[in-house]
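Engineer: Please read through the structure below; I'll follow up with questions.
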Amino acid sequence: MPKLQMPSGALMLLVLRVLRSGPLHGYAIAQRIHVLSSEILRVEEGALYPALQKILLKGWVTSEWGLSETNRRVRFYRLTSAGRKQLEAELSSYERIHKAIQAVLRTA
Amino acid sequence: MSELFRRLRYLLNRRRFDRELASEMEAHREMAARDGGKPFGNALRLREEARDAWGWTWIDCLFQDLRYACRVLRKSPGFTFVVILSLTLGIGANTAIFQILNAVRLRNLPVSSPRQLAEVKIVGGNGAVGLHDEYGELTRPIWEEIRRDHPAFSAVFAWSAQLVLVGEGSASQLAKGILVSDDFFHALGVNAWRGRVLNSGDEHACPESAAMVSYPYWQSKMGGREIGARTKLLINGKLKQIVGVTPRSFFGLAVGERFGIALPFCRSTELRRDVFDVSVMGRLRPGWSLPAASAQLSAQSPGIMAATKIKGYSARSIESYGKFRLSAYSASTGVSDLRRAYDSSLWLLFAITGLVLLIACANLANLMLARAGVREREFAVRLALGAARNRLLRQLLVESCLLAAIGAALGLGLAELLSRVLVVSLSTEDNPVALPMGTDWRVLLFAASIAALTCIVFGVAPAIRASGADPVTSMKSGGRGMTASRERFSLQRAMVVIQISVSLVLLVGALLFVRSFHNLMTENLGMRAQSIVLGRIAFQKSNVPPGHIAQFKRELLDDVRAIPGVRNAAITTNVPLLGGTESDGVTVGRVEGSSMFTWVSPSYFQTMGIPLLAGRNFNENDTGTSRRVVVVNQTFAHRFLNGVNPIGRTLRTSPMPNYPSTVCEIVGVIPDTKYNSVRGATPPMAFGPDSQFPSQHPWTAMLIHSDLPPTIVIDSVKDRIGQKHPEILSRYQIFEAKIQDGLVRERLMAMLSGFFGLLAALLAAVGLYGVIGYIITRRRNEIGIRLALGANSGQVIGMVMREAGALLIAGLLIGLALSLAAGRGASSLLFGLKSYDPFTLALAIGLLVAIGALSSLLPAFRASKLDPMAALRCD
């Protein structure tokens with residue numbers, strides 16, 4: 001499977017989306033995206049952590065320390081209300097663009 | 001919580017955040033490894049990329065660069081010392097001149113809202129009508145008219161400068177005083193530091209009874225003791241109540257001076273209408289601009305002039321008085337004789353120090369370039385190891401900015417010292433200059449921007465050059481260039497050409513000022529200046545009846561002339577060369593004009609060593625009742641009696657108050673002598689015998705010629721006068737020293753420009769030496785080959801000197817053009833020579849050629865003595 005490079009905006013959207021169901025730590029976020037995408041999308045460490053720092057800076061998530069399932073101290077990221085709003089906004093604009101592209105692809 | 005706030009919180013807890021990120025990513029790696037993923041990427045690099053999101057990476061880089069720069073500079077202390085020293089001197093000199101400019105020109109008066117202040121003046125000045133005092137722009141009657149009606153101003157006030165005598169008899173001292181109108185302090189918004197300010201209650205019938213003292217006067221002369229009801233001073237012979245002390249920062253309205261005592265105006269019944277002795281200022285009403293206020297004043301002028309019409313003058317003077325128009329001028333920076341006298345000199349000095357700094361910067365740039373050449377290998381290695389080019393560039397810039405910053409900080413300290421020394425050297429005995437210097441925001445801003453500018457000038461080009469090096473070729477050649485590329489030196493050559501041309505400009509300037517000072521010092525005055533003591537004698541207390549003043553003065557003179565060792569002495573109403581003037585309108589036949597008038601004792605011409613060209617001197621027969629006679633100078637004879645023998649002709653003077661129109665017979669002619677300054681051309685002058693002086697005062701000036709040391713002369717004159725008239729106040733000065741005090745500006749310009757000119761030439765020589773030396777080092781192999789192939793040392797020297805000569809000639813040509821262009825700015829400050837004086841230009845060029853030849857001959861000679869074997873073998 002060739003590695004798909006994702007634009008960082010799309011990665012942030014995915015991170016926010018997987019965090020909607022509850023707080024996760026970094027590795028779990030990467031795993032969740034990997035699994036949910038039927039192992040097509042692989043999120044590299046070098047892309048994930050810069051994106052997470054950006055999301056932290058924007059105030060869309062907060063972080064707290066906790067224990068992972070393997071008893072390792074890790075940072076859990078939790079969506080804030082601002083993050084939830086951002087996710088809704090990005091989802092809806094993504095929907096619109098997606099539909100528009102689909103419409104062009106179908107009819108052209 | 002805003003984004004900026006989170007960013008700042010990150011910055012403050014940076015170490016913790018970084019640690020957490022590291023441990024988090026470490027955990028990620030472990031978990032990935034457990035799940036069978038392979039470890040990827042450079043952990044440190046990945047972490048740095050993640051951290052980048054917070055936007056503070058540049059701070060880390062900056063600190064790294066700074067630390068590295070400190071290390072590099074510490075490693076080459078000689079280089080660092082030279083650079084910092086040159087920058088300190090350059091920036092220090094510039095900042096010092098700027099500090100003075102700032103204090104003299106830019107800084108606002110220490111009063112509330114100085115920008116609202118405006119001075120009321122006559123458009124084009126008050127011409128030749130009436131008598132003028134220092135800072136006097138208007139007369140008291142005009143001031144009273146303005147005070148009655150001033151729609152443009154919310155408050156108006158007037159003041160005048162006057163010397164006052166404090167204390168009694170021989171213990172009395174002169175102090176700078178200001179006379180102020182009742183609203184002066186309130187309108188300025190200046191409150192009392194102790195006691196109260198002078199107010200409307202203090203301006204009443206003469207004599208005034210209250211006074212304020214300035215803070216420095218209170219501290220130095222009154223011991224800083226509390227002001228009370230019994231604090232009184234004897235001022236001008238009258239006891240005055242001291243009601244308060246002005247604040248420490250308030251020096252008056254004249255920048256460069258500091259008043260000691262403030263007295264209220266007193267309401268005299270007869271105010272003279274022809275004495276321009278007050279400066280009138282006002283605070284603009286909100287909504288009024290300077291042009292609007294000027295228009296208003298202009299409209300008021302005819303009424304004001306009609307109400308204050310002068311009397312006793314010629315019809316023409318009265319007419320021109322009636323046409324005076326008043327206007328408002330900004331007074332936010334106060335008034336200043338110092339500013340008037342030194343404005344162009346200061347700007348010129350500013351330019352000179354700027355150019356010296358430029359030359360120093362060019363030297364530093366060359367030094368940096370040479371260093372960049374030496375460090376080429378280091379840069380190549382760093383580039384090869386993956387350093388980014390812009391990072392390398394930044395690192396070099398940080399290095400030069402660090403140097404510039406250190407230089408600026410030290411320069412600021414040096415400037416404090418230099419500017420004070422300069423101000424002290426401007427002061428003369430009679431004219432102490434008091435400037436509140438201090439480092440305000442303008443000075444700091446100036447030093448900072450000049451540091452940034454120098455940093456750019458000497459840092460950027462070498463940095464761009466060095467960071468642009470190609471690692472492969474640098475590593476390969478590694479300093480063993482067979483022939484260095486020409487492009488590499490072109491910048492250094494250009495710098496040297498600039499240095500030579502700028503230093504030629506400075507040298508020309510220096511020589512012009514030195515020669516013009518020399519011209520002034522050796523200018524033929526037309527009279528004796530050596531061995532003359534000047535005495536100013538006041539005998540108000542002797543109560544001489546007005547009719548006997550001439551006789552009293554004559555007796556004083558006879559007493560002084562009788563002192564053993566005194567060769568001659570004379571009294572005069574006007575002391576030549578010390579600035580005073582007294583003129584009147586004159587008609588000779590059909591020719592009208594004006595002439596200077598001086599009344600002297602018959603001994604005057606002999607005392608001052610002025611020969612009589614024709615006719616006779618005054619004698620005992622010229623008395624107050626005999627026919628009026630005058631002796632005129634050659635300019636007078638030429639102007640009024642072109643070619644005709646002046647002896648026996650008559651002149652008529654225009655009427656002035658106390659000086660009725662008189663007909664005088666010309667009895668003698670003297671050669672031209674300088675009048676009120678060494679610089680000025682000689683005006684028409686007429687001398688009358690003191691016995692016929694129409695306006696006798698109880699004071700006089702006496703010129704005493706003696707070959708004895710001046711201090712002995714002064715003591716014996718004092719003794720002689722004191723024995724007979726202990727009540728007389730007198731002050732003595734050495735005439736020649738006083739004349740030289742009048743040339744303090746020229747002396748300063750000659751000294752400073754001379755110093756900077758030599759410094760510039762020296763710096764240029766160092767620059768040339770450095771570049772020639774550098775070129776030789778780079779071409780060592782080539783020279784070695786030439787020598788091995790049989791070139792003799794003369795040929796090698798010739799080769800090097802041709803190279804140096806080309807630079808020198810290019811620099812001199814550009815410099816010559818620049819000098820001619822820049823000279824015009826200095827021409828008003830020159831005396832006795834033009835700014836394009838060919839001899840001066842030739843001298844400067846010759847000097848620079850000699851210095852340049854010497855500084856390139858040394859390395860050339862060394863090159864010719866190269867051992868070809870060693871040169872070829874060496875790396």
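Throughout, read-outs are computed from the coordinates displayed, never taken from laboratory work. Remember, predicted model here, so these are calculated numbers, not experimental data. When we count neighbours, we look across all protein chains shown, and the Cβ atoms used for this are built from the backbone with ideal geometry, even at glycine.
Engineer: Helix B:3-12: angle to the longest alpha-carbon principal axis of chain B, degrees 0 to 90, nearest 10?
Structural biologist: 80 degrees
Engineer: Rounded to whole Å and sorted largest first, list the principal axis extents of the Cα atoms in region B:691-795.
Structural biologist: Its Cα atoms span 97, 30, 23 Å along the three principal axes.
Engineer: Taking the 0 to 90 degree range and rounding to the nearest ten, how far is the long axis of helix B:838-864 tilted relative to the main principal axis of chain B, both from C-alpha atoms?
Structural biologist: 30 degrees
Engineer: Please give me the summed charge of the neighbours of B:I235: other residues whose Cβ is under 15 Å from its Cβ, Lys and Arg +1, Asp and Glu -1.
Structural biologist: Details: positive: B:K176, B:K221, B:K232, B:K238, B:K240; negative: B:E168, B:D202, B:E208.
Residues near B:I235 contribute +2 overall.
Engineer: On a 23 Å Cα-Cα criterion, which of the cross-link pairs B:K176/B:K221; B:K541/B:K738; B:K240/B:K541; B:K553/B:K718; B:K176/B:K232 come out too long? Working shown, then result.
Structural biologist: Working: B:K176/B:K221 13 Å; B:K541/B:K738 27 Å; B:K240/B:K541 19 Å; B:K553/B:K718 15 Å; B:K176/B:K232 17 Å.
Over 23 Å Cα-Cα: B:K541/B:K738.
Engineer: Cα to Cα, under 16 Å, and not fewer than 8 places away if on the same chain: which lysines meet these conditions relative to A:K58?
Structural biologist: In chain and number order, the partners are A:K85.
Engineer: Of B:L367, B:F157, B:L866, which is farthest towards the positive pole of chain B's charge dipole, taken about the Cα centre with +1 and -1 on the beta-carbons of Lys, Arg and Asp, Glu respectively?
Structural biologist: B:L866
Engineer: Turning to a different aspect of this structure: Restricting to DSSP H runs of at least four residues, report the calculated mean residue ellipticity at 222 nm for chain B, -39500 (n - 2.57) per run over all residues, nearest 500 deg cm²/dmol. It would help to have the intermediate numbers written out before the result.
Structural biologist: Numbers: 27 runs with 439 residues, N = 875.
Using -39500 (n - 2.57) per qualifying helix, the result is -16500 deg cm²/dmol.
Engineer: Another question, if that's okay. Treat the count of other C-beta atoms within 10 Å as a stand-in for reagent exposure and order A:I97, B:I97, B:I797 from fewest to most.
Structural biologist: Working: A:I97 10, B:I97 24, B:I797 19.
Final ranking by Cβ density, sparse to dense: A:I97, B:I797, B:I97.
Engineer: Once the mean 1/r over all distinct Cα pairs of chain B is inverted, what Kirkwood radius in angstroms do you read off? Kindly include the intermediate steps, with their values, before the conclusion.
Structural biologist: Working: mean 1/r = 0.0299 Å⁻¹.
For chain B, the Kirkwood estimate is 33.4 Å.
Engineer: To continue, here is another question. From the residues A:L52, A:T62, A:A28, which one has its Cα farthest along the dipole of region A:27-82 in the positive direction, the dipole being from +1 and -1 charges on Cβ of Lys/Arg and Asp/Glu about the Cα centre?
Structural biologist: Looking along the dipole axis, the top candidate is A:T62.
Engineer: May I have the pair-distance distribution P(r) for region B:748-875, computed from all Cα-Cα distances with 10 Å bins from 0 and rounded to whole percent?
Structural biologist: 12, 35, 25, 16, 10, 4, 0
Engineer: What's the magnitude of the charge dipole for region B:332-391 around its Cα centre, counting Lys and Arg as +1 and Asp and Glu as -1 at the beta-carbon? Answer in Debye, nearest 20. Present the calculation step by step, with values, prior to reporting the outcome.
Structural biologist: Details: 8 positive and 4 negative charges, 85 e Å.
Charge dipole, region B:332-391, about its Cα centre: 400 debye, nearest 20.
Engineer: Could you tell me which residue out of B:G852, B:L816, B:W288 lies farthest along the dipole of chain B toward its positive end? Charges go on the beta carbon: Lys and Arg +1, Asp and Glu -1, centred on the Cα centre.
Structural biologist: B:G852
Engineer: Which ordering of B:L808, B:L613 is given by a fewest-first count of other beta-carbon atoms within 10 Å?
Structural biologist: On the way: B:L808 24, B:L613 14.
Least to most surrounded, the residues fall as B:L613, B:L808.
Engineer: Using Cα atoms only, what is the angle between the long axis of helix B:337-374 and the major principal axis of chain B, expressed in degrees (0 to 90) to the nearest 10?
Structural biologist: 10 degrees
Engineer: Here is a further query. Give me the percent relative contact order of chain B, please, defined on Cα pairs under 8 angstrom at least 6 residues apart. Write out the running numbers ahead of the final one.
Structural biologist: Working: 1470 pairs, mean separation 126.8, N = 875.
Worked out over chain B, it gives 14 percent.
Engineer: Can I ask one more? Assuming a ≥ b ≥ c are the square roots of the Cα gyration tensor eigenvalues, decide whether region A:14-77 counts as rounded (a/c under 1.5), prolate (otherwise, with a/b larger than b/c) or oblate. Could you put the intermediate results ahead of the total?
Structural biologist: Working: a/c = 1.57, a/b = 1.14, b/c = 1.38.
Oblate, since a/c reaches 1.5 and b/c is not below a/b.
Engineer: About the Cα centre of the protein assembly as shown, how large is the charge dipole given +1 on each Lys and Arg Cβ and -1 on each Asp and Glu Cβ? Please answer in debye to the nearest 20.
Structural biologist: Values: 112 positive and 74 negative charges, 716 e Å.
That gives a dipole near 3440 debye.
Engineer: Could you put B:E416, A:E64 in order, starting from the residue whose Cβ has the fewest other Cβ atoms within 10 Å? Don't jump to the answer; show the numbers that get you there.
Structural biologist: Working: B:E416 17, A:E64 9.
Going from sparsest to densest Cβ surroundings: A:E64, B:E416.
Engineer: About its Cα centre, what dipole magnitude does region B:110-174 give when the only charges are +1 on Lys and Arg Cβ and -1 on Asp and Glu Cβ, stated in debye to the nearest 20?
Structural biologist: Working: 5 positive and 8 negative charges, 44 e Å.
Dipole about the Cα centre, nearest 20: 220 debye.
Engineer: Please report the antiparallel percentage of the DSSP beta bridges confined to chain B, to the nearest 5. Walk me through the intermediate numbers first.
Structural biologist: Details: 71 of 93 bridges.
The answer is about 75 percent antiparallel.
Engineer: Rounded to the nearest Å, what's the spacing between the alpha carbon centres of region B:349-424 and region B:599-645? Just the number, please.
Structural biologist: 67 Å
Engineer: Semi-axes of the equivalent ellipsoid for the protein assembly as shown, please: Cα gyration tensor eigenvalues, times 5, square-rooted, ordered largest first, whole Å.
Structural biologist: Numbers: eigenvalues 1203, 366, 122 Å².
They are 78, 43, 25 Å, listed largest first.
Engineer: List, in order, the whole-Hz ³J(HN,Hα) value for each residue of region B:426-443 obtained from phi through the Karplus relation with A = 6.51, B = -1.76, C = 1.60 and θ = phi - 60°; use x for Gly and Pro.
Structural biologist: Once rounded to whole Hz, the list reads 7, 6, 10, 3, 7, 10, x, 8, 10, 10, x, 7, x, 10, 9, 4, 5, 5.
Engineer: Which FRET efficiency value, to the nearest 0.05, is calculated for B:S449 and B:A388 with the Förster distance at 25 angstrom and r the Cβ-Cβ distance?
Structural biologist: Numbers: r = 29 Å, r/R0 = 1.17.
Taking R0 as 25 Å, the efficiency between B:S449 and B:A388 is 0.30.
Engineer: Using a cut-off of 19 Å between alpha-carbon atoms, which aspartates and glutamates can reach B:K323, once sequence neighbours fewer than 8 places away in the same chain are excluded?
Structural biologist: Result set, ordered by chain and number: B:E137, B:E144, B:E145, B:D274.
Engineer: Additional query: Amide H to amide H, which residues 5 or more places from B:S594 or on other chains are under 5 Å from it, using H placed in the peptide plane?
Structural biologist: Correct list: B:V586.
Engineer: Still on this model: For chain A, state what percent of all Cα-Cα pairs lands in each successive 10 Å bin, counting from 0 Å until the bin that includes the largest distance.
Structural biologist: 14, 42, 32, 9, 2, 0
Engineer: Rounded to the nearest 5, what % of DSSP beta bridges with both residues in the protein assembly as shown are antiparallel?
Structural biologist: Here the share of antiparallel DSSP bridges comes out near 80 percent.
Engineer: Pull out a ≥ b ≥ c, the square roots of the eigenvalues of the alpha-carbon gyration tensor of region B:513-644, then state rounded if a/c is under 1.5, prolate if not and a/b is larger than b/c, and oblate in the remaining case.
Structural biologist: Values: a/c = 1.77, a/b = 1.14, b/c = 1.55.
The shape class here is oblate.
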